[in-house]
Amino acid sequence: MINILNSFMKSYIDDNFSIIPMDNKKKLPIILKNKFNYYEMSVLNHSCILIEILKEEPSIKNLKNTIQIIKKIFQKEPVLYYNKLSTYRRKSLISNRIGFIEENGQFYLPFIALFINSFPNYYNNDTDENTSNIFLKTEYFKIQNEFTPLAQLAFLYFLYNKDREITNKEFASLFDITEMSASRALIELYNHKLINYKIHGKTLRSKLYRRIKDPDYFKIGKSLLISPIKKIVFVNEIPNNTFISGLEALSNISMINPINYKVRAISYKNLNNKDIKIINNKDYIEDNNLIKLEIWKYNPSYFIKNNIVDILSLYSSMNKTMDVRIQKELEQLLRNESWYME
């Protein structure tokens, strides 16, 4: 079950999906320890407890009690896994907002507002040739109030390419991601009314996306921006595939005084711990001008100029600072852009 579910979720939902058997059953009440199989699962940046329902199917009342107990113990969202669900049971789970995954590819995850009720029969290798349109079978029950990393990457692409039109397949190829990941990013922008599309191609099944006009595109998107920084570490040497970021970047393109250390950005996917030595000693860091390495949620290489990260990503990574001078320079940088509008 683990291998199949892992392959399915990574193919269609989340490249970073993970699932492992739970090794911390001691916290569970005795009555629940052997009643189900338990797994620790991560999907779309949410940690969950996957509960595999075995032969004896509990009632909705018992399931709700079990879910409350597990959620209280582990402080994570419980999700049920079924080999097969009846129409009645599936409907009752949804009406009670109980998350589930079914072996045939249907699943309901209310805590991330995602419900997929139809997919190619992945387990029988009956795949849909037109995978770029698979997101038509996906329903998002609410619009999130900030971008996901891939959606922000898509937002930046359209921001810097205002007249460009692109298909889902082209977008996936351009950023070296799966078509499903591209679909999620594009539909997220569409839900925020940042892009529109027209039907395209000989079969009239493909969509050609284009962003809305300035200044609305930037005004809407600015409120949804996230910091691209996933983590900050310190190193002695500059790793490969890194780009000037942070205060060093700002000092290069504004009136901020130069700093006495270097700041670099790298995608978390390009970070190879074998090639770098992370310094954790705080005293050593304080006494030496080490390189500040920002590990980004998306690849900073796509929009660099003169080896410096793009302006809006730089702004997003620093706009929470309390330093008034930095805030002023960041805003001035944005004002110099044609798409800027306060």
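The values are calculated or read from the model by the stated rules, or taken from the named source; none is laboratory data. None of these values were measured; they are calculated from a predicted model. Here the Cβ is made from the backbone with ideal geometry for all residues, glycine too, and neighbour counts use every protein chain on show. Side chains are part of the model used for accessible areas, which takes the heavy atoms of the whole protein and leaves out ligands, DNA and RNA. Shrake-Rupley method; radii C 1.70, N 1.55, O 1.52, S 1.80 Å.
For the reader, a short list of remarks on this structure follows.
- Restricting Lys269, Lys262, Lys328 to residues that are out of contact with any His (no Cβ under 7 Å at 6 or more places or on another chain) and without any contact (Cβ under 8 Å) to a residue 12 or more places away in the chain narrows the list to Lys328.
- Condition met for Ile266 (β-branched (Val, Ile, Thr), out of contact with any strand residue (DSSP E or B) (no Cβ under 9 Å at 6 or more places or on another chain) and under 21 Å from Ala151 (Cα atoms)): no
- Yes/no for Tyr298 being open to solvent by less than 30 Å² (accessible area, probe 1.4 Å), touching a helix residue (DSSP H, G or I) at 6+ places or on another chain (Cβ under 7 Å) and in a loop (DSSP other than H, G, I, E, B): yes
- Output for region 183-199, where each listed residue is of a type in the set (Ser, Thr, Tyr) and open to solvent by 30 Å² or more (accessible area, probe 1.4 Å): Tyr190, Tyr197
- Any chance Leu174 is surrounded by 17 or more Cβ atoms within 10 Å (Cβ to Cβ) and either modelled with pLDDT of 90 or more or under 21 Å from the mean Cα position of the chain (by Cα) (or both): no
- Region 294-318 residues that are more than 13 Å from Ser227 (Cα to Cα) and touching a residue at least 40 places away in the same chain (Cβ under 8 Å), paired with ones that are of a type in the set (Asp, Glu) and assigned to a helix (DSSP H, G or I) (beta carbon under 9 Å, 6 or more apart): Ile308/Glu248
- Scan of region 74-93 for residues that are among the β-branched types (Val, Ile, Thr) and open to solvent by 50 Å² or more (accessible area, probe 1.4 Å), ordered by number: Thr87
- Residue in region 276-285 that is over 19 Å from Leu250 (Cα atoms), under 21 Å from the mean Cα position of the chain (by Cα) and of a type outside the set (A, V, I, L, M, F, W, C) present: no
- Among (1) under 19 Å from Val43 (Cβ atoms); (2) modelled with pLDDT of 60 or more - the single one Ile134 does not satisfy: (2)
- You will find that of Ile70, Ile53, the residue that is among the β-branched types (Val, Ile, Thr), surrounded by 15 or more Cβ atoms within 10 Å (Cβ to Cβ) and under 27 Å from the mean Cα position of the chain (by Cα) is Ile70 and no other.
- Looking only at region 157-171, and only at residues there that are without any contact (Cβ under 8 Å) to a residue 60 or more places away in the chain and in a loop (DSSP other than H, G, I, E, B), the one that is least open to solvent (accessible area, probe 1.4 Å): Asn161
Matching residues to (1) more than 19 Å from Asn270 (Cα to Cα); (2) of a type outside the set (Val, Ile, Thr); (3) modelled with pLDDT of 95 or more:
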{"residue": "Asn307", "(1), (2), (3)": "no, yes, yes"}
{"residue": "Ile311", "(1), (2), (3)": "yes, no, yes"}
{"residue": "Tyr315", "(1), (2), (3)": "yes, yes, yes"}
{"residue": "Thr321", "(1), (2), (3)": "yes, no, no"}
{"residue": "Val324", "(1), (2), (3)": "yes, no, no"}
{"residue": "Glu337", "(1), (2), (3)": "yes, yes, no"}
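- Those helices (runs of 4 or more DSSP H) of region 209-292 in which 2 or more residues are farther than 29 Å from Leu186 by Cα, open to solvent by 20 Å² or more (accessible area, probe 1.4 Å) and not small (Gly, Ala, Ser) occupy 246-253, 282-287.
- So Phe17, is it among the aromatic types (Phe, Trp, Tyr), in contact with a Gly (Cβ under 8 Å, 6 or more places away or on another chain), modelled with pLDDT under 90 and under 26 Å from Ser183 (Cβ atoms): no
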